[in-house]
Amino acid sequence: MRVQFVFQEIWIGLRRNLTMTIALVVTVAIAMALFGTGVLLKMQVDKSNNYWSDKVEVSIYLCNRLSANTNCHKSEPSPGQKAEIKKQLESMPQVAKVTQETAQEAYERAKQQFKDSPGIAGSIQPGDIPDSFRVKLKDPKNFAAVVAQMNSRPGVDQVVNERAILEKFFKILGGLQWAALTIAAIQLIAAVLLVANTIRLSAFNRRRETGIMRLVGASNIYIQLPFVLEGAIAGLVGGVFAAILLSFSKVFLLGRLQKNLQFATPLGWVDVTGVIVASMCFGILLCALASFLTLRRYLKI
């Protein structure tokens with residue numbers, strides 16, 4: 001009978017405040033979805049950063065007919081100059097490995113890399129990417145010495161530090177992450193206020209029942225339980241919708257990010273499921289706690 005009474009009171013409370021309950025569910029869903037998206041972006045940044053931190057290279061692009069560098073004179077370096085550049089690179093203490101890549105090899109690698117982007121792949125022509133040396137550093141942070149020596153070297157068009165490119169990419173992802181978390185924080189505040197108002201109205205509408213229960217000796221926990229469960233159920237339903245939104249974020253946001261940006265390492269469904277479960281639990285606890293704190297003043301009436 002007690003369990004039946006609790007569930008009956010929960011149904012009455014949700015039905016009487018249906019509009020505010022729907023608003024609460026929507027707010028919790030959006031807040032949890034944005035919070036989870038921010039966490040997923042943070043995990044994507046950390047995972048990509050850890051994966052690529054020891055794999056980034058410095059690319060030394062040699063002069064060719066398309067070079068904009070005035071020192072190149074629109075001509076390629078001679079085989080002797082290429083050998084000297086490679087020998088100098090291998091003698092540097094910062095360098096772990098030097099790999100030479102011809103223009104044809106670079107063209108084939110670019111076509112393979114951008115095979116899912118026909119517009120980019122179709123615009124690349126043989127000879128557009130010059131011969132280059134791909135330099136693997138012992139410590140990716142010690143790139144300055146290599147860049148300084150190679151920039152002024154005859155036959156060198158430009159030096160590209162891939163770590164700087166990755167840092168810009170991670171900075172963009174970090175900005176998206178903090179934007180999602182900031183909006184989520186605002187939505188969470190709105191959710192807490194909605195929970196407080198919903199429970200306050202529910203407690204006011206049932207003040208006579210609460211008073212009678214108090215007179216017959218019902219405990220505070222027994223009186224509070226239906227109200228707290230109302231908030232928890234609203235948080236659970238909002239969490240379910242948030243889980244659906246997070247699944248869409250995985251497929252359409254992170255999926256396209258990984259497809260279009262070749263250096264983004266995949267984030268698996270195991271990671272996404274963990275974030276979904278954590279977001280749902282957080283939403284339920286937040287709503288239940290807000291309900292409990294709101295009711296404390298009404299139990300003293």
Problem set entry | Every residue from region 136-168 that is of a type in the set (A, V, I, L, M, F, W, C) and crowded, with 18+ Cβ neighbours inside 10 Å | Leu137, Phe143, Val146, Met150, Val156, Val159, Leu166
Problem set entry | Candidate set from region 169-212 (those that are at pLDDT 75 or above and of a type in the set (S, T, N, Q)); member that is surrounded by the fewest Cβ atoms within 10 Å (Cβ to Cβ) | Thr182
For this session: With the condition kept exactly as written, say whether any residue in region 249-272 is at pLDDT 85 or above and open to solvent by less than 20 Å² (accessible area, probe 1.4 Å).
Result: yes
Problem set entry | Failed item in (1) buried (at least 17 other Cβ atoms within 10 Å of the Cβ); (2) over 31 Å from the mean Cα position of the chain (by Cα); (3) modelled with pLDDT of 80 or more, with Glu105 passing the rest | (1)
Exercise. For region 113-126, does any single residue satisfy the condition of being open to solvent by 30 Å² or more (accessible area, probe 1.4 Å) and within 18 Å of Val58 (Cβ to Cβ)?
Worked result: no
Seminar exercise, completed: In region 81-98, residues that are farther than 19 Å from Cys63 by Cβ and not small (Gly, Ala, Ser) total 6
Problem set entry | Filtered residues of region 10-20 (kept if open to solvent by less than 20 Å² (accessible area, probe 1.4 Å) and either in a helix (DSSP H, G or I) or at pLDDT 75 or above (or both)) | Ile10, Gly13
Seminar exercise, completed: If you go through Ser48, Ser53, the only one that is modelled with pLDDT under 85, farther than 30 Å from Ala242 by Cα and open to solvent by less than 70 Å² (accessible area, probe 1.4 Å) is Ser53
Problem set entry | So Ala68, is it modelled with pLDDT under 80 and either open to solvent by 50 Å² or more (accessible area, probe 1.4 Å) or not in a loop (DSSP other than H, G, I, E, B) (or both) | yes
Seminar exercise, completed: Those residues of region 84-117 which are part of a helix (DSSP H, G or I), out of contact with any Ser or Thr (no Cβ under 7 Å at 6 or more places or on another chain) and of a type in the set (Gly, Ala, Ser) amount to Ser91, Ala103, Ala110
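The values are calculated or read from the model by the stated rules, or taken from the named source; none is laboratory data. Given the structure is predicted, the values throughout are model-derived calculations rather than measurements. Cβ sites come from the backbone with ideal geometry, for glycine too, and all protein chains shown count toward neighbours. The area values use the complete protein model at the heavy-atom level, side chains included, leaving out ligands, DNA and RNA. Shrake-Rupley method; radii C 1.70, N 1.55, O 1.52, S 1.80 Å.
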